[in-house]
1. Amide H of VAL87 versus every other amide H placed in the peptide plane: which residues, excluding those fewer than 5 positions away on the same chain, fall under 5 Å?
2. For percent of Cα pairs over 28 Å apart, pick the label among [x] 62; [y] 29; [z] 46 that corresponds to the value derived from the coordinates.
3. Check THR78: other-chain or 5+ apart residues with amide H under 5 Å from its amide H, H built from backbone geometry?
4. Just how much of ASP146 is accessible, in Å², when a 1.4 Å probe is used and the result is rounded to the nearest 10?
5. What chymotrypsin sites (Phe, Trp or Tyr not before Pro) in segment 104-157 are in a loop by DSSP, with at most 12 other Cβ atoms within 10 Å of the Cβ?
6. With a 10 Å cut-off between alpha carbons and a GNM built on the chain, which of GLN169, GLN21, GLN58 moves the most?
7. How large is the helix-only mean residue ellipticity at 222 nm for the chain, computed as the sum of -39500 (n - 2.57) over DSSP H runs with n ≥ 4, divided by its residue count, in deg cm²/dmol to the nearest 500?
8. Taking amide H positions as placed in the peptide plane 1.01 Å from N, state which residues far from GLU60 in sequence (5 or more) or on other chains have amide H under 5 Å from it.
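The values are calculated or read from the model by the stated rules, or taken from the named source; none is laboratory data. No experiment lies behind these values; they were computed from the predicted model shown. We place every Cβ from the backbone using ideal geometry, glycine too, and count neighbours over all the protein chains shown. Ligands, DNA and RNA are excluded from the accessible area calculation, which covers all protein heavy atoms including side chains. Shrake-Rupley method; radii C 1.70, N 1.55, O 1.52, S 1.80 Å.
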Amino acid sequence: MLTEEIELPGGIKDNQKIKVQYMGHAADVYTSHAGDLLLNVAVKKHDFYERVNKNDIQTEVELTLAEAILGSDITISTVHGPLNIKVDAGTSTGQTMVLKHYGVPEFDPPENYDPIELRGDHIVVFKVRLPSEEDTNSPEMRDIIDQMLKNEQENKEAYYAYQAELKKQRQAEVDHKMQAKRAKFQQKTAKYA
């Protein structure tokens, strides 16, 4: 059995076939070249990167509760090396950020191309890591959480009061329009009475 090392081109997909010239079966004629070897490529799954769509890479990045609430600058790993990104304040679990042209390169690209423009995107999916039960039972953390709950309740009450006032205003506008239509209708029918 012969072992040969071959360089695979970037952008190759799972179950894609590639041809390696002169690495196949030996020719029947002494002066001829060996045949071509057809390889069916099986791409191993990665622990961190997941290939989605055609050339896009998706990763899940964990944020602490403080990073998610306040926003932060973090460094993430891409297939092209580390990259600094800015996480917006108020980021929640499942929210995504698309990093243009940080994905998989195009397989067999056309001549005279810009290799960066033909790359896919890197999609970052955020996951907020909540504090453990041990952390939330500390008196300092308990005070912070209690204050957050109090603020949320006050905001909720103000929001519902505002919504109720808006509903009253809209109903008053609808009633006013209906009265105007009734008056107009009564004027038209009065002519025929």
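1. SER72, ASP73, ILE74
2. [x]
3. LEU83
4. 80
5. Values: sites: PHE107, TYR113, PHE126; in loops: PHE107, TYR113.
Hits after loop and neighbour filter: TYR113.
6. GLN169
7. Details: 3 runs with 64 residues, N = 193.
Only helices count here, giving -11500 deg cm²/dmol.
8. Residues meeting the amide H criterion: VAL125.
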